[in-house]
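As structure tokens, the structure follows; a few thoughts come after it.
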Amino acid sequence: MRIATYNINGINGRLKVLLAWLEEAQPDVVCLQELKTDDHGFPRAALEKAGYGAVYKGQKANHGVAILAKGSAPLLTRKLLPGDPTDKQSRYIEAAVEGVLFACLYAPNGNPQPGPRFDYKLRWLARLIDHAQTFLTAGLPVALVGDFNVVPTDADIYSAQSSWKTDALLQPAARAAFAKLLAQGWVDALRTLHPQSPLYTFWDYKRNAWPRNAGLRIDHFLLSPTLAPRLREGHVETAQRGREGASDHAPAVLTLR
DNA sequence: ATGTCCTGGATACCAGGA
């Protein structure tokens, strides 16, 4: 079973790019972030034609998440991250495919920091930590997949002393939230497979980031202890970032037995 | 400090988010 995460940065503006990649990579499950469309505008028919069923929670202009499954419809379990009924942003969707539960997430960016946007990011991550614990307590095979908007360590960025130093993605409080998930028992799949590789998944459109490989690792797969033993292979589809009309994120793929 | 690209509201280009 091949599972993927892909921050598509506008699913309609980049539908051709997405369909070409699906055709080429043939993943079984895809967690998408930053749809930037409401549910009405989700390209359900085009994805069905490409062989993928979908569940999605869209939002006009910003955010929005979806889970695709090849040849089937994912079994939807939630569209809201518990813990704050007043939170209206579409950043979480959860569904089961072939006995594995996928939590597709798009954590808040949190800039500028400090400030209310960074506070929201930390509160959102705290809610994720609480919800993640319920999966572990239940012993379920779960993958937390998506754009966490956290650079976990200085090894996960081209230069920790760059202008990113004061960015919300690198702040100690954000990193502490990610570390707390690992301390719960979640396995950082890509880092476990490749302890020494950069594993960048994001290159800013600005600052000439892609040509000089000024990347950040912010898209992650966290596997529950019951699922982690099935981990076989994983990589970032780096070449996708260099395509015409690419998202600022590259997709990443894992193979599970 | 700057840079780029998406979306929406407009119906030209700008604001907001990232």
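Summary of values
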| item | result |
| --- | --- |
| Extension reserve of the A:K49-A:E233 stretch, reckoned as 0.36 nm per residue once the Cα distance is removed | 63.4 nm |
| Value of Rg/Rh across the range A:128-257 [Cα atoms, Kirkwood radius] | 0.98 |
| At most 15 other Cβ within 10 Å, DSSP loop - trypsin sites (Lys or Arg not before Pro), the range A:1-62 | A:K60 |
| Mean residue ellipticity (222 nm) of chain A, computed from DSSP H runs ≥ 4 via -39,500 (n - 2.57), nearest 500 | -7000 deg cm²/dmol |
| Whole-number D in µm² s⁻¹ for the range A:208-257, Kirkwood Cα-pair radius fed into Stokes-Einstein, 4 °C, 1.567 mPa s | 103 µm²/s |
| Calculated SAXS-style log₁₀ I(q)/I(0) at q = 0.10, 0.14 Å⁻¹ - chain A, Debye, Cα scatterers | -0.43, -0.91 |
| Sparsely packed chymotrypsin sites (Phe, Trp or Tyr not before Pro) within the range A:200-257, loop by DSSP, other Cβ within 10 Å at most 14 | A:Y205 |
| Vicinal HN-Hα couplings computed from phi for the range A:49-66 (Karplus, 6.51 cos²θ - 1.76 cosθ + 1.60; Hz; Gly/Pro x) | 4, 7, x, 10, x, 8, 10, 7, 10, x, 7, 4, 6, 9, 6, x, 9, 8 |
| Share antiparallel - DSSP beta bridges, the range A:96-165, percent rounded to 5 | 25 percent |
| In order through the range A:14-30: 3J(HN,Hα) via Karplus (6.51 cos²θ - 1.76 cosθ + 1.60), integer Hz, x for Gly, Pro | 10, 4, 5, 4, 5, 5, 5, 5, 4, 4, 6, 8, 6, x, 7, 9, 10 |
| Cα centre as origin, Lys/Arg/Asp/Glu Cβ charges: chain A dipole, Debye | 200 debye |
| Gain in span if fully extended, A:R243 to A:T86, counting 0.36 nm per residue against the direct Cα distance | 52.6 nm |
| The range A:157-256: relative contact order as a whole-number percent, Cα under 8 Å and 6+ apart | 27 percent |
| Dipole axis of chain A (+1 Lys, Arg; -1 Asp, Glu on Cβ), positive-most option in A:N111, A:Q196, A:L181 | A:N111 |
| Net lengthening on full extension, A:T77/A:A183 (0.36 nm per residue, minus Cα-Cα) | 35.6 nm |
| Principal semi-axes in Å for the range A:160-208 [√(5λ), Cα gyration tensor, largest first] | 23, 16, 8 |
| Mean separation of Cα contacts under 8 Å (6+ apart) over length of the range A:64-137, as relative contact order % | 26 percent |
| Net dipole in debye of the range A:182-257 [+1 Lys, Arg Cβ; -1 Asp, Glu Cβ; about Cα centre; nearest 20] | 100 debye |
| Radius ratio Rg over Rh of the range A:1-54, counting only Cα atoms, Kirkwood formula for Rh | 0.92 |
| Bridge type composition, chain A - antiparallel percent by DSSP, nearest 5 | 80 percent |
| Vicinal HN-Hα couplings computed from phi for the range A:176-189 (Karplus, 6.51 cos²θ - 1.76 cosθ + 1.60; Hz; Gly/Pro x) | 5, 5, 5, 4, 5, 4, 4, 5, 5, x, 5, 9, 6, 4 |
| Lysines whose Cα lies under 27 Å from that of A:K70, excluding same-chain neighbours fewer than 8 positions away | A:K16, A:K36, A:K49, A:K57, A:K60, A:K79 |
| Relative contact order (%) - the range A:38-95, alpha-carbon pairs under 8 angstrom, separation at least six | 32 percent |
| Distribution of pairwise C-alpha distances over the range A:75-147, 5 Å bins, in % | 3, 15, 25, 26, 16, 9, 4, 2, 0 |
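Each reported figure results from applying straightforward, stated rules to the coordinates on display, with no laboratory input. Note that the structure is predicted; figures quoted are calculated from it, not measured. Every residue, glycine among them, receives a Cβ derived from its backbone with ideal geometry; neighbour counts consider all protein chains shown.
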